[in-house]
Amino acid sequence: MKRWDLTCRILAAVPGGYALSAFAGICIALWLPDLRVERAMIGMLIGLLIWPVTFMMSFAISDGRKVFGGTMVALLALIGLAVLKGWRP
């Protein structure tokens, strides 16, 4: 049980946090009304702030499954927002 909890935390922290920060940057770059270069720069900077916070929160919350589930829900919401604005991979 502890291995499963640790696995969920690591998956939420490393690849989940990276994907969450990447899609947060994409969403910000797509949804802000400023110039294209400014939106891209703000998106990158916000992404750099989101990944460490996600990493730390992955190990601060008591249940690893909740952390992984919350990360996936937030990631799916950001992917949906990016696709809604016209982003394509």
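The values are calculated or read from the model by the stated rules, or taken from the named source; none is laboratory data. All of these numbers come straight from a predicted model, not from anything done at the bench. Side chains are part of the model used for accessible areas, which takes the heavy atoms of the whole protein and leaves out ligands, DNA and RNA. Shrake-Rupley method; radii C 1.70, N 1.55, O 1.52, S 1.80 Å.
Think of a 1.4 Å ball rolled over the protein heavy atoms: the chain then has 69 Å² of accessible area per residue. In this entry, the chain is assigned a mean projected area of 5.6 nm², taken as a quarter of its C-alpha convex hull surface.
With helices as the sole contributors, the chain gives -28500 deg cm²/dmol at 222 nm; each DSSP H run of n ≥ 4 counts as -39500 (n - 2.57), and the sum is divided by every residue.
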